[in-house]
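The values are calculated or read from the model by the stated rules, or taken from the named source; none is laboratory data. Treat the numbers as computed from the prediction; the structure is a model and nothing was measured. Note that we place each Cβ from the backbone using ideal geometry, even for glycine, and neighbour counts take in every protein chain shown.
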Amino acid sequence: MSPRPPLAIYIHWPFCRSKCPYCDFNSHVRDRVDTDTWTAALLADLDRQVELAPQREVVSIFFGGGTPSLMPPETAGVLIERVKRHWPTAADLEVTLEANPNSAESRRFAAFARAGVNRLSLGVQALDPVALKFLGRGHDRTEAVAAITMSQKLFPRTSFDLIYARPGQSIAAWRDELDEALAFAGEHLSLYQLTIEPGTAFYTRAGKGELVLPEEDTAAALFELTQERLAAHGLPAYEISNHARPGAECRHNLAYWRYEDYLGIGPGAHGRITRDGVKYATRQYRLPEAWLRALDFEEMTRISRESAVEEMVMMGLRLVEGISRARLEQLADSPVEALLGVTLSRLVESGFLELGERRFAATRAGRQRLNAVLAALFG
């Protein structure tokens, strides 16, 4: 009997206490959230999406946001149980919750662990007090360190995020902050270069000239320092911004990057699901109130072969492991060389891409400049 195809499930909690100035995620600040209503609605969304992927094996559940650590732990528990009722689950099911490291939310960590969460991802973002204030975070350094320590005692698997390439940040300052982070780190770290996204407060400030990111050469040096420091510490990169000890990679995010199937539950959530050999994209209403009224997809569309190939390449080249050549060529019904043409040869010769008998991947230089590489491939 052939194994059931794996399935990942993303559940979106859209609410935050405040909006961070760099954040362009689907997050919203509300004076009051009726948690009973939201629990019932998320359960109903799970119930209706079962028919999209029946009899699949769920390998990961990911509570993202927003700030899902603001939801009642009981809500997480009933959602996990509903998933288990609808689908068979892997023996090593990964259940991740994103959390803020402030004192109020840290006190709820034990309840989330009892509810079935077994991996906690902390949005620390900085260990420097001035940087925390600049990034609009609601916690201080002491709270962040305490939350990291507590999470490692309560959860089998943990991770935390930092943002670098901040305005005025020197290579020496990032080296010191990175070394501090490595002293606290467990099995996984996510390290993101600051980007200025449209619609954010930072975008407005940047437009006025009030916020300037480091020069490209400095940003590249910060990236290289990050790769080298973490590899030396036993946490090599497995994706552009993610580092882990071998075997400790985030299984849920690997499902995205490997272009596997996942369901998106809740407002603004996206999904990718294969039915009868055809890939479909689902998209939910972003505004929480609109989503509650509809409790249905805003859009479910068939993905063309050309678009599916582009999505697989865009996601897979983020990974150090790259993309299975056989899988890409099966999807494209074409050899990679014929698919990507002379541009591919040029990028391979320039040292940005690698094409072997079994894999197609970006080099480290290619991952560092992936947006430019992808623009060259797909115009």
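For the range 133-172, which residues satisfy the criterion of being without any contact (Cβ under 8 Å) to a residue 24 or more places away in the chain and either touching a helix residue (DSSP H, G or I) at 6+ places or on another chain (Cβ under 7 Å) or charged (D, E, K, R) (or both)?
Listed by number, the residues that qualify are K133, D140, R141, K153.
If you scan the range 323-332, which residues turn out to be crowded, with 21+ Cβ neighbours inside 10 Å and not in a helix (DSSP H, G or I)?
I323
Note down all Cβ pairs under 7 Å where the first residue falls in the range 192-203 and is of a type in the set (A, V, I, L, M, F, W, C), the second is assigned to a helix (DSSP H, G or I), and they're at least six residues apart or on different chains.
I196/F202; I196/Y203; I196/A206
Quick check on the range 117-176: of everything there that is of a type in the set (K, R), modelled with pLDDT of 95 or more and in contact with a strand residue (DSSP E or B) (Cβ under 6 Å, 6 or more places away or on another chain), which residue is nearest to G65 (Cα to Cα)?
Looking at the filtered set, the residue picked out is R119.
Assuming A90 fulfils every condition listed in (1) closer than 21 Å to P72 by Cβ; (2) more than 20 Å from the chain's Cα centre (by Cα); (3) at pLDDT 95 or above apart from one, which condition is it?
(1)
Spot the failing condition for V278; the list is (1) without any contact (Cβ under 8 Å) to a residue 24 or more places away in the chain; (2) surrounded by fewer than 15 Cβ atoms within 10 Å (Cβ to Cβ), and only one is missed.
(1)
Being without any contact (Cβ under 8 Å) to a residue 60 or more places away in the chain and acidic (D, E) is the filter here, so list the residues in the range 297-334 that pass it.
Answer for the range 297-334, where residues must be without any contact (Cβ under 8 Å) to a residue 60 or more places away in the chain and acidic (D, E): E298, E299, E306, E311, E329, D333.
Taking E354 as the residue in question, decide whether it is under 20 Å from W257 (Cα atoms) and not in a strand (DSSP E or B).
no
Check V50 against each of (1) without any contact (Cβ under 8 Å) to a residue 60 or more places away in the chain; (2) at negative phi; (3) surrounded by fewer than 16 Cβ atoms within 10 Å (Cβ to Cβ) and name the one condition it does not meet.
If we test V50 against (1) without any contact (Cβ under 8 Å) to a residue 60 or more places away in the chain; (2) at negative phi; (3) surrounded by fewer than 16 Cβ atoms within 10 Å (Cβ to Cβ), just (3) comes out false.
Is the range 56-76 home to any residue that is aromatic (F, W, Y), within 21 Å of the chain's Cα centre (by Cα) and closer than 30 Å to E197 by Cα?
Taking every residue of the range 56-76 in turn, at least one turns out to be aromatic (F, W, Y), within 21 Å of the chain's Cα centre (by Cα) and closer than 30 Å to E197 by Cα.
Answer yes or no as to whether F378 is in contact with a strand residue (DSSP E or B) (Cβ under 8 Å, 6 or more places away or on another chain) and outside the structural domain of N242 (by TED's automatic domain parsing).
When the stated conditions are applied, F378 does not pass them.
So the check is Cβ under 7 Å with 6+ separation or different chains; which pairs have a first residue in the range 54-66 that's in the same structural domain as E105 (by TED's automatic domain parsing) and crowded, with 21+ Cβ neighbours inside 10 Å and a second one that's modelled with pLDDT of 95 or more and part of a loop (DSSP other than H, G, I, E, B)?
Going by the 7 Å Cβ cut-off, the qualifying pairs are R56/W87; V58/W87; G65/P14; G66/P14.
Is there a residue in the range 156-165 that is more than 21 Å from the chain's Cα centre (by Cα) and either assigned by TED's automatic domain parsing to the domain that holds F25 or closer than 20 Å to Y238 by Cα (or both)?
No, the range 156-165 contains no residue that is more than 21 Å from the chain's Cα centre (by Cα) and either assigned by TED's automatic domain parsing to the domain that holds F25 or closer than 20 Å to Y238 by Cα (or both).
Could you look through the range 1-28, keep only residues that are closer than 18 Å to P88 by Cα and surrounded by fewer than 19 Cβ atoms within 10 Å (Cβ to Cβ), and pick out the one that is modelled with the lowest pLDDT?
Only one residue tops the list, namely M1.
I'm checking my understanding of the structure. Among residues of the range 335-379 that are touching a residue at least 60 places away in the same chain (Cβ under 8 Å) and closer than 14 Å to V313 by Cβ, which one is surrounded by the most Cβ atoms within 10 Å (Cβ to Cβ)?
So the residue we want is R367.
Looking only at the range 117-135, decide whether some residue is within 20 Å of T39 (Cβ to Cβ), of a type in the set (F, W, Y) and not in a strand (DSSP E or B).
No, the range 117-135 contains no residue that is within 20 Å of T39 (Cβ to Cβ), of a type in the set (F, W, Y) and not in a strand (DSSP E or B).
Which residue out of T89, T75, T39, T35 is of a type in the set (S, T, Y) and without any contact (Cβ under 8 Å) to a residue 40 or more places away in the chain?
T89
Could you tell me which of the residues R346, R327 is within 25 Å of the chain's Cα centre (by Cα) and of a type in the set (K, R)?
R327
Quickly run through the range 322-349 and pick out the residues that are among the hydroxyl-bearing types (S, T, Y) and at pLDDT below 95.
Answer for the range 322-349, where residues must be among the hydroxyl-bearing types (S, T, Y) and at pLDDT below 95: S334, T343, S345.
Report, by residue number, each residue of the range 95-132 that is in contact with a His (Cβ under 6 Å, 6 or more places away or on another chain) and either surrounded by fewer than 24 Cβ atoms within 10 Å (Cβ to Cβ) or without any contact (Cβ under 8 Å) to a residue 40 or more places away in the chain (or both).
Residue satisfying the conditions is N102 alone.
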